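Chemist: What follows is a single structure, and I will ask about it in a moment.
Just so you know, all these numbers are worked out from the coordinates, no wet-lab data involved. Computed from a prediction, not measured in an experiment: that's the story for all the values here. Don't worry about glycine lacking a Cβ; one is built from the backbone with ideal geometry, like all the others, and counts go over all protein chains shown.
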Amino acid sequence: MSATEVAKGNVMTTYAKPLPNVDDDSRPQWEGFKQHKFLLFRCTKCGAWYWPKAFCRNHENAPMFADLEWTEASGKGKIFAFNIHHMAFHPGFQPDIPYVYALVELDEGPLFGTNIVGIDPHQITVGMPVEVAYDDITPEWTLPKFKPVAK
Amino acid sequence: MVKPKYAIVGLGMVYGPYAEGVTARGAEAEAGRLAIADAGLKREDVDGALQLRRTAGGGERPAWADAFPRMLGLPFKFFFTVGRGGALAGLGIATAMGFLDLGIAKYVLIVGGVEDFKNSRRTKAQGQRGMVHSEKAGYWGKPFGDLRAPSHHSFLAARHMYEYGTTSRQLGAIAVQERAWACKNPKAKMYGRPMTIEDHQNSPFVVEPYHLFDICLVSDGAVAFVLTTADRAKDSPKKPVWVRGLGSGEVADELWWEKKNYTHMAVKTAKEQAFGQAGIELKDVDVAELYDCFTAEVLFQLEDYGWCKKGEGGPFVAEGHIGPGGDVPVNTSGGLLSAYHYGDLTCLSEAVMQLRGEAGERQVKGAEIALVTGHGGELISPGMCSIHTSLVLGA
């Protein structure tokens with residue numbers, strides 16, 4: 001993806017990394033991130049949480065995802081698995097090397113793929129409690145990264 | 001045991017320098033020509049063609065605007081594309097069986113070509129690395145730097161290490177043993193380039209826990225084969241390779257809720273179906289051609305098929321077993337890790353050569369049953385290895 005020109009105050013800066021790849025199923029969640037709300041898909045009949053968007057495993061939800069809605073969740077979880085990128089596959093990530101991509105097991109249940117920030121990658125352990133740390137990368141886009149929960 | 005109804009009667013490969021200077025389409029056409037000749041047939045005998053493509057898990061790759069059967073001049077009655085990630089051969093055979101059963105085709109040419117190495121050079125010139133893998137609709141991880149297969153496949157290795165104490169050295173033992181096979185395969189990219197465990201450990205981290213040598217090659221070229229019915233296979237000049245069992249499994253349903261599929265592949269149903277049809281047990285498998293996009297996938301399959309217990313794959317491979325001279329010969333071509341990456345057509349082509357007794361210095365003596373596996377598929381971010389196909393081939 002080409003770099004994106006972004007106006008920040010009076011200064012034009014360039015966001016050099018790829019932007020989210022959003023479709024109609026995920027758009028409400030990305031709009032939530034922009035407002036610093038951590039939304040997951042939830043069945044209003046039984047309270048089960050889903051991510052990514054899915055029909056409830058306990059209900060038919062007819063027609064068309066009835067009784068399911070994007071609902072604010074805790075934004076907290078634990079590290080399930082993580083890796084450390086030592087090479088930048090895209091030049092925009094070169095300054096971040098080494099960076100961490102992780103699966104966070106959210107308190108609501110789903111596994112969520114995200115970056116872990118605010119910690120030396122080699123200090124991260126499986127099971128470590130983490131919480132969402134919003135990164136407003138452009139005026140239009142906010143990434144839901146995660147950081148260790150402060151002790 | 002189900003009596004085999006179908007057989008592979010021709011094989012063609014375009015690999016290494018042979019694939020230079022042509023498109024994947026051209027390589028597919030040439031591999032197809034070789035397979036038809038290998039089967040003792042003429043182009044006019046082939047009445048159907050399938051193209052195998054990693055349409056999902058391998059990235060956004062629209063089909064060529066021009067197709068290999070046109071280029072080759074086949075009088076084909078049908079042609080279309082099948083595949084899911086690296087699961088190609090099993091799905092292609094299952095599809096072709098239907099057309100053979102219906103009498104629509106007598107001989108089906110099944111071909112898969114790639115130009116991934118060429119594409120990786122192109123992306124490198126753009127300041128990127130690896131195959132561009134980031135523009136799939138709805139692909140989640142892109143803004144977080146989850147841009148290539150190791151970005152999420154490495155979760156599998158990381159999770160196995162966490163749950164069972166598996167080490168990088170143990171994963172390295174897989175890479176080293178596959179390299180030893182490649183050094184017996186003159187077609188292999190890494191022929192003549194032996195590797196030690198120290199070489200593996202000293203290779204740079206790409207996405208930790210994966211070192212460079214935990215990760216498969218990318219290749220240019222194509223593999224083609226001809227599938228036909230049992231009655232026609234009897235007239236084949238080459239020894240027919242019988243399709244004795246075919247099975248499939250999926251782990252996608254366990255992804256977000258059960259969280260189990262980070263240390264196993266979807267082998268259970270695939271193995272039961274394929275081994276059941278073939279009437280075989282694990283001990284009957286003479287050569288195992290296991291899909292090896294990364295080292296941990298091999299480890300998982302050794303456990304999932306039952307060569308060792310779950311969690312004991314690390315010590316098992318560290319003892320040897322899978323390299324030349326081992327009791328469980330695995331990926332005797334050198335595999336995707338050290339030979340060439342044509343999806344599971346790497347596995348299938350090697351199985352055919354082994355069962356025909358054409359594998360030269362790496363020939364497993366008396367090989368009569370080969371296991372060929374494939375996997376891959378699209379998932380929003382982690383894991384990826386969703387489908388698993390299990391194909392039992394017999395001499």
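Chemist: Can you tell me the 0 to 90 degree angle between the C-alpha axis of helix B:345-356 and the longest principal axis of chain B, rounded to 10?
Modeler: Roughly 60 degrees between the two axes.
Chemist: Could I ask something else about it? Evaluate the Debye formula for the protein assembly as shown with equal point scatterers sitting on the alpha carbons, no solvent, and hand back log10 of I(q)/I(0) at q = 0.09, 0.13 Å⁻¹, in q order, two decimals.
Modeler: Each listed q maps to, in turn, -0.67, -1.29.
Chemist: Please work out how much length the chain gains when fully extended from B:Asp66 to B:Val2, using 0.36 nm per residue of separation minus the C-alpha to C-alpha distance, in nm with one decimal.
Modeler: Details: separation 64, 0.36 × 64 = 23.04 nm, distance 3.90 nm.
Full extension of this stretch gives 19.1 nm more.
Chemist: Here's a follow-up. Assuming a ≥ b ≥ c are the square roots of the Cα gyration tensor eigenvalues, decide whether the range B:147-205 counts as rounded (a/c under 1.5), prolate (otherwise, with a/b larger than b/c) or oblate. All intermediate terms of the calculation are to be shown ahead of the outcome.
Modeler: Working: a/c = 2.39, a/b = 1.75, b/c = 1.37.
Prolate, because a/c is 1.5 or more and a/b exceeds b/c.
Chemist: Still on this model: If we count other beta carbons within 10 Å of each Cβ, what is the order of B:Asp284, B:Asp116, fewest first?
Modeler: Working: B:Asp284 14, B:Asp116 21.
Going from sparsest to densest Cβ surroundings: B:Asp284, B:Asp116.
Chemist: Sticking with the crude label model, points 7 Å out along Cα→Cβ, report the distance from A:Asp25 to B:Lys106 in nm, one decimal please.
Modeler: With each label point 7 Å from Cα toward Cβ, the separation is 4.5 nm.
Chemist: Turning to a different aspect of this structure: What's the exposure ranking of B:Leu171, B:Leu74, going from fewest to most Cβ atoms within 10 Å?
Modeler: Numbers: B:Leu171 28, B:Leu74 23.
Least crowded to most crowded, the residues run B:Leu74, B:Leu171.
Chemist: Determine the shape class of the range B:6-119: with a ≥ b ≥ c the square roots of the Cα gyration tensor eigenvalues, call it rounded for a/c under 1.5, and otherwise prolate if a/b is greater than b/c, oblate otherwise. Present the calculation step by step, with values, prior to reporting the outcome.
Modeler: Working: a/c = 1.77, a/b = 1.27, b/c = 1.39.
Oblate is the answer for the range B:6-119, as a/c is 1.5 or above yet b/c matches or exceeds a/b.
Chemist: Compute the signed sum of charges (Lys and Arg +1, Asp and Glu -1) over the other residues within less than 12 Å, Cβ to Cβ, of B:Phe144.
Modeler: That works out to 0.
Chemist: Here's something else I'd like to know. Only helical DSSP H runs with n ≥ 4 go in: add -39500 (n - 2.57) per run for the protein assembly as shown, normalise by residue count and round the 222 nm mean residue ellipticity to 500 deg cm²/dmol. Before the final figure, lay out the partial values.
Modeler: Working: 14 runs with 137 residues, N = 546.
The helix-only estimate for the protein assembly as shown comes to -7500 deg cm²/dmol at 222 nm.
Chemist: Measuring from centroid to centroid over Cα atoms, what is the spacing of the range B:196-225 and the range B:239-304 in Å?
Modeler: First find each Cα centre; the distance between them is then 22 Å.
Chemist: When only C-alpha pairs under 8 Å and at least 6 residues apart count, what is the relative contact order of the range A:1-148, in percent? Walk me through the numbers on the way to the answer.
Modeler: Working: 274 pairs, mean separation 31.3, N = 148.
So the answer I get is 21 percent.
Chemist: Once both axes come from the Cα atoms, what is the angle between helix B:168-182 and the longest principal axis of chain B, in degrees from 0 to 90, rounded to 10?
Modeler: 30
Chemist: OK, next. With charges only on Cβ, +1 for K and R and -1 for D and E, what is the dipole size of the range B:6-119 about its Cα centre, in debye, rounded to 20? Numbers along the way, then the final one.
Modeler: Values: 12 positive and 12 negative charges, 33 e Å.
About 160 debye.
Chemist: Step by step: find N for chain B, compute 2.2 N^0.38 Å, then divide the Cα radius of gyration by it. What's the final number?
Modeler: That works out to 0.91 for chain B.
Chemist: Output the Cα-based Rg and Dmax of the range B:276-371 in Å, rounding Rg to one decimal and Dmax to a whole number.
Modeler: Cα only, the range B:276-371: 12.7, 35 Å (Rg, Dmax).
Chemist: Right, another one. Can you give the FRET efficiency for B:Thr167 and A:Thr14, using 1/(1 + (r/R0)^6), R0 = 51 Å, r = Cβ-Cβ distance, to the nearest 0.05?
Modeler: Working: r = 42 Å, r/R0 = 0.82.
Once rounded, the FRET efficiency stands at 0.75.
Chemist: Here's something else I'd like to know. Please state the charge dipole magnitude for the protein assembly as shown, taken about the Cα centre, from unit charges on C-beta atoms (+1 on K and R, -1 on D and E), reported in debye and rounded to the nearest 20.
Modeler: On the way: 57 positive and 63 negative charges, 155 e Å.
Roughly 740 debye, rounded to the nearest 20.
Chemist: What is the projected area of the convex hull of the Cα atoms of the range B:219-332, averaged over all directions, in nm²? Before the final figure, lay out the partial values.
Modeler: On the way: hull surface 39.1 nm².
Taking the Cα atoms of the range B:219-332, their convex hull projects to 9.8 nm² on average.
Chemist: Shifting gears a bit: How about the range B:101-205: which GluC sites (Glu not before Pro) there lie in a loop by DSSP and see at most 13 other Cβ atoms within 10 Å?
Modeler: Numbers: sites: B:Glu115, B:Glu135, B:Glu163, B:Glu178, B:Glu198; in loops: B:Glu135.
Filter output for the range B:101-205: B:Glu135.
Chemist: Using unit Cβ charges (K, R positive; D, E negative) and no other charged atoms, how large, in debye to the nearest 20, is the dipole of chain A about its Cα centre?
Modeler: On the way: 14 positive and 18 negative charges, 63 e Å.
Dipole size: approximately 300 debye.
Chemist: Continuing with this model, one more query. Could you check the spin-label model distance between B:Lys42 and B:Lys234? Points 7 Å from the Cα along Cα→Cβ, value in nm.
Modeler: Each label point lies 7 Å from its Cα, and together they span 2.4 nm.
Chemist: Counting other Cβ atoms within 10 Å of each Cβ, which trypsin sites (Lys or Arg not before Pro) in the range B:180-209 have at most 12 and sit in a DSSP loop?
Modeler: Details: sites: B:Lys184, B:Lys187, B:Lys189; in loops: B:Lys184, B:Lys187, B:Lys189.
Taking the range B:180-209 and a limit of 12 other Cβ atoms within 10 Å, no loop trypsin sites (Lys or Arg not before Pro) are found.
Chemist: To test your reading of the geometry: what angle, between 0 and 90 degrees and rounded to tens, separates the Cα axis of helix B:149-164 from the longest principal axis of chain B?
Modeler: 60
Chemist: Still on this structure, I have one more. For Cα pairs less than 8 Å apart in space and 6+ apart in sequence, what is the mean separation divided by the residue count of chain B, i.e. the relative contact order in percent? Write down the numbers at each step before the final one.
Modeler: Working: 957 pairs, mean separation 99.5, N = 395.
25 percent.
Chemist: Using the 10 angstrom Cβ neighbour count as an exposure proxy, how do B:Asp286, A:Asp67 rank, fewest first? Walk me through the intermediate numbers first.
Modeler: Details: B:Asp286 20, A:Asp67 14.
By the 10 Å Cβ count, ascending, the order reads A:Asp67, B:Asp286.
Chemist: Report relative contact order for the range B:6-119 in percent, whole number only (criteria: Cα-Cα under 8 Å, sequence separation at least 6). Each step should come with its number before you reach the end.
Modeler: Details: 176 pairs, mean separation 37.7, N = 114.
Over the range B:6-119, the number comes to 33 percent.
Chemist: Quick check: pseudo-label points 7 Å beyond the Cα along Cα→Cβ at A:Arg57 and A:Ile124, how many nm apart are they?
Modeler: 2.6
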